[in-house]
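**Q** Can you read through this structure? Questions will come right after.
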Amino acid sequence: MAAAALLLVAALVALGFGHGGEAFDPNPLQDFCVADATSKVRVNGLSCKDPAAVVSDDFFFAGADKLRDEVSERYGYSAVTVQIPGLNTQGQRYARVDLSPGAIFPPHYHPRAAETALVLEGSVYFGFVSSYPNNKLFAKVLSKGDVFAVPQGLVHFLYNNGTAPAALYASLSSQNPGLVLLADALFAGALPDDLLAKTLLTDKHTVDIIRANFRPS
């Protein structure tokens, strides 16, 4: 009877750990699964290319040293995702982010990933806020060569408050980390004005003024 109870507890514990693991990308079951961009099959990740057709370029990306032409008009940053087909199912994503002087990458979070960022050039004020109810700010001014880490799901930001352009190389712990820009989620979506007014402890007129900045021009 005691042995059966122990087995039941062990099974429940294992089941609990299994559900906890669902918050992270699943482990790969082979050496690699190079993404097949031509496949119409949709799985958790992308379908695998025939291993016999895999080449070295499937694990290569050129251009992470270059500034992207497209810049956010609202916030002044640019970002380019490092597209490497060979990282499919590996639970990783990388990006280069550039910020002109005065530019920001506004408060946001990645629901499925932690983030680590290396400063390539310039300096940037980088930080995150812990969860409610503490809402504690952890932030530093980073310079070239500095690295800063953000735990999964926490709100964080970048601000180039210097006089020179800044560039960072970001590593995220999920193939599909997700991105939620807080201001856009609140004001660019369809949340009712009165709900926003009550949430932000203000009035609908103020909400309308702010929301006008998020409407397509």
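**Q** If I ask for residues that are open to solvent by 30 Å² or more (accessible area, probe 1.4 Å), among the aliphatic types (A, V, I, L, M) and under 28 Å from Asp57 (Cα atoms), which ones from the stretch 109-132 would you list?
**A** Ala114, Leu118, Leu120
To keep it simple, each residue is scored yes or no on (1) open to solvent by 60 Å² or more (accessible area, probe 1.4 Å); (2) of a type outside the set (Asp, Glu); (3) at pLDDT 95 or above.
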site: Lys144; (1), (2), (3): yes, yes, yes
site: Gly153; (1), (2), (3): no, yes, yes
site: Gly162; (1), (2), (3): no, yes, no
site: Leu168; (1), (2), (3): no, yes, yes
site: Gly189; (1), (2), (3): no, yes, no
site: Ala197; (1), (2), (3): no, yes, yes
site: Leu200; (1), (2), (3): yes, yes, yes
site: Val207; (1), (2), (3): no, yes, yes
site: Arg215; (1), (2), (3): yes, yes, no
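**Q** OK, next. Can you find a residue that is in contact (Cβ under 8 Å) with a residue 40 or more places away in the chain and of a type in the set (Ser, Thr, Tyr) anywhere in the stretch 194-216?
**A** No; the residues of the stretch 194-216 include none that is in contact (Cβ under 8 Å) with a residue 40 or more places away in the chain and of a type in the set (Ser, Thr, Tyr).
**Q** Tell me which residues, restricted to the stretch 134-143, are part of a strand (DSSP E or B) and free of Cβ contacts under 8 Å to residues at least 12 places away in the same chain.
**A** Hits for the stretch 134-143 are Leu137, Phe138.
**Q** Inside the stretch 63-108, can you point out the residues that are more than 20 Å from Ser123 (Cα to Cα), without any contact (Cβ under 8 Å) to a residue 60 or more places away in the chain and surrounded by 16 or more Cβ atoms within 10 Å (Cβ to Cβ)?
**A** Result: Val82, Ile84, Pro85, Gly86.
**Q** Out of everything in the stretch 167-217 that is in a loop (DSSP other than H, G, I, E, B) and among the hydroxyl-bearing types (Ser, Thr, Tyr), what residue ends up being nearest to Val43 (Cα to Cα)?
**A** Ranking the qualifying residues of the stretch 167-217, first place goes to Ser174.
**Q** Quick one: which strands (runs of 3 or more DSSP E) lie wholly within the stretch 77-133 and hold at least 2 residues that are touching a helix residue (DSSP H, G or I) at 6+ places or on another chain (Cβ under 7 Å) and closer than 23 Å to Leu186 by Cβ?
**A** Qualifying strands (runs of 3 or more DSSP E): 104-109.
**Q** One residue is enough: does the stretch 51-61 have a residue meeting the conditions within 17 Å of Leu168 (Cβ to Cβ) and either under 21 Å from the mean Cα position of the chain (by Cα) or exposed (fewer than 10 other Cβ atoms within 10 Å of the Cβ) (or both)?
**A** yes
**Q** In this structure, is Arg74 among the basic types (Lys, Arg) and outside any strand (DSSP E or B)?
**A** yes
The values are calculated or read from the model by the stated rules, or taken from the named source; none is laboratory data. Worth saying up front: this structure is predicted, and the values here are computed from it rather than measured. Heads up, the Cβs are rebuilt from the backbone with ideal geometry, glycines too, and the neighbour counts pull from every protein chain shown. Heavy atoms of the whole protein, side chains included, go into the accessibility calculation; ligands, DNA and RNA do not. Shrake-Rupley method; radii C 1.70, N 1.55, O 1.52, S 1.80 Å.
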